[in-house]
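Below is one structure, written out as structure tokens; comments come after it.
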Amino acid sequence: MEKQVEAIVEWLRQQLKQSGAKGFVVGVSGGIDSAVVANLIKRAAPENSLGVLLPIYTKPEHMTDSQKVIEKCGIDSLTLDLTESHNVMYSYIQDQLKGKNEFNESTDQLAGANLRARLRMSALYTVATNYNYLVVGTDNAAEWYTGYFTKYGDGGVDILPIVDFTKSEVRELAKYLDVPEEVITKAPSADLWEDQTDEKEMGTTYDRIDAYLGGEEIPEKDKDIIELLHKRSAHKRDPLPQYKRKS
């Protein structure tokens, strides 16, 4: 892990040189992936790294975990509570759709959750522009393969330093980086709605996704779920379709 951390930190520094940016910003959620990234960018740019807490109806325990990560790795921080912004914007959109009798209750939870992720992305880029920083993503290999991220939300970033690492490898990185134990062991959650967890939403576990990505045999049911998630989310990873005009 020491060699891996050193290599990532050097890669991060190269990204700054190539882009002309001054530093890094990451959204800190209280989860293991953002905790690892916060530690990595702090090592890469000690004086020019920022962790941003972006609560939207966020449980106090998630905020507590976020603060523990911030304090332990010593990164500069900023808190932007977007709860009211989300409420005002989504309520307005809902009212307009209801006025046209076209409001779809079956997609209400997902639409509201995706708006949370996209508001957070917008806030991070606003902060990044202020400092001339790069927005650093927190997706790991399992999330990338299954598409477990919001398009133009938490998937809207400049660089992805841990996207080649499985969830189990991220846990090892977290232990090496001395991330708080309660953050390492908590159930992964994107904090998109009440009592939401990643594995409950995906229908499989990170351990099985990691095993599948490593070429191991897993139950057929889990294999089918993983491949379906991968297929459905291809549009998130592929370049945007572009019409080529006729000559």
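The values are calculated or read from the model by the stated rules, or taken from the named source; none is laboratory data. Remember, predicted model here, so these are calculated numbers, not experimental data. Please note: Cβ atoms are built from the backbone with ideal geometry, for glycine as well, and neighbour counts cover all protein chains shown.
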Select the helices (runs of 4 or more DSSP H) contained entirely in the stretch 1-75, then report the ones holding at least 2 residues which are over 19 Å from the mean Cα position of the chain (by Cα), surrounded by fewer than 18 Cβ atoms within 10 Å (Cβ to Cβ) and charged (D, E, K, R).
2-19, 60-73
Counting only residues that are in contact with a helix residue (DSSP H, G or I) (Cβ under 8 Å, 6 or more places away or on another chain) and of a type outside the set (Phe, Trp, Tyr), the stretch 67-92 contains a total of 13
If I ask for residues that are assigned to a helix (DSSP H, G or I) and buried (at least 16 other Cβ atoms within 10 Å of the Cβ), which ones from the stretch 212-222 would you list?
212, 213, 222
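Listed here are the residues, each with its yes/no results for (1) modelled with pLDDT of 95 or more; (2) farther than 22 Å from residue 136 by Cα.
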{"residue": "6", "(1), (2)": "yes, no"}
{"residue": "36", "(1), (2)": "yes, no"}
{"residue": "50", "(1), (2)": "yes, no"}
{"residue": "53", "(1), (2)": "yes, no"}
{"residue": "60", "(1), (2)": "no, yes"}
{"residue": "66", "(1), (2)": "yes, no"}
{"residue": "76", "(1), (2)": "yes, no"}
{"residue": "91", "(1), (2)": "yes, yes"}
Residue within the stretch 236-246 that is assigned to a helix (DSSP H, G or I) and aliphatic (A, V, I, L, M) present
no
Could you tell me which numbered condition residue 154 fails, if it satisfies all but one of (1) acidic (Asp, Glu); (2) surrounded by 20 or more Cβ atoms within 10 Å (Cβ to Cβ); (3) without any contact (Cβ under 8 Å) to a residue 40 or more places away in the chain?
(3)
So which residues in the stretch 165-210 are at pLDDT 95 or above, surrounded by fewer than 18 Cβ atoms within 10 Å (Cβ to Cβ) and among the small types (Gly, Ala, Ser)?
168
Suppose the filter is surrounded by 16 or more Cβ atoms within 10 Å (Cβ to Cβ) and either within 21 Å of residue 110 (Cβ to Cβ) or at pLDDT 95 or above (or both); does residue 146 pass it?
yes
